[in-house]
1. Name the lysines eligible as straight-distance cross-link partners of LYS4: C-alpha to C-alpha under 28 Å, and not fewer than 8 places from it in the same chain.
2. For region 7-58, what mean projected area does the convex hull of the alpha carbons give, in nm²?
Amino acid sequence: MARKKIENLSFEESLGELESIVQSLENGELSLEDSMSLFERGLSLSQASQNKLQDAEQKIQILLDKNNSEQELSNFELTQGDAE
C-alpha cells in the first residue's frame, strides 16, 4: 500500500502512523535499511504533527484575543440583595 505524503495526512493519521512505526521498530524484526527508513519517516511525521499543533495553538490564541478585544466593559453595580 502506498503511503500518503506527510503533508496530506491529518493530525490523527500522523499519530496513528507514528504508533505503527514505533511498534515496528520495537519489534526488531526489520533490516537496518528498513529501520532507518521508518525512523526517518517517523521523524518527519513527528515534526509535521508538532507544526500542526503549533498552528492550532496559534489559531486558538488569535480567536481568544479577538474575543477578548470585542467584549465591552460595563460598570459593576451592586444591588441591595448582593451587598448582604
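A short reminder: the numbers here are calculations on the coordinates, not readings from a lab. All values derive from a computational prediction rather than experimental measurement.
1. Counting by Cα, and skipping residues close in sequence, LYS4 has these lysines nearby: LYS52, LYS59.
2. 3.5
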